[in-house]
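In what follows, a single structure is set out as structure tokens and then discussed.
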Amino acid sequence: MSDGGENRISFEPMNIEIIRVVDSEGKEYIQKIIPLSLEPEIFEKMFTEIPALSNFCNRMGVEYSDISYFMPTKDRKKDENHVDDRKIMENFRDILE
């Protein structure tokens, strides 16, 4: 079993999300510090850079753009469905878990 905590740091006007996923034994799988103001392409890049995400996509036979309509892409901007940055991070964390 793994779990990801919800942590954030706010330095006006910058907001930073800390994503950390560990298993019940305390083994850390992923730790990323992500600014909420990042461009949509950064998420797509993380799906190629983080081995667990890359392996997930390869095994499922899906592209990043098919993972979730909540995740922003170059064609689907963050505000298309009025999804806020924190909701995007919540979904990203759920995918990582």
Give a residue-ordered list of calculated ³J(HN,Hα) values for region 36-47 (Karplus: 6.51 cos²θ - 1.76 cosθ + 1.60, θ = phi - 60°; whole Hz; x for Gly, Pro).
5, 8, 6, 6, x, 5, 5, 4, 4, 5, 5, 5
Residues meeting the amide H criterion for LEU38 (H placed from the backbone, H to H distance under 5 Å, 5 or more places apart or on another chain) are none
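No lab work stands behind these numbers, since they all come straight from the coordinates. Model, not experiment: these values are computed from the prediction.
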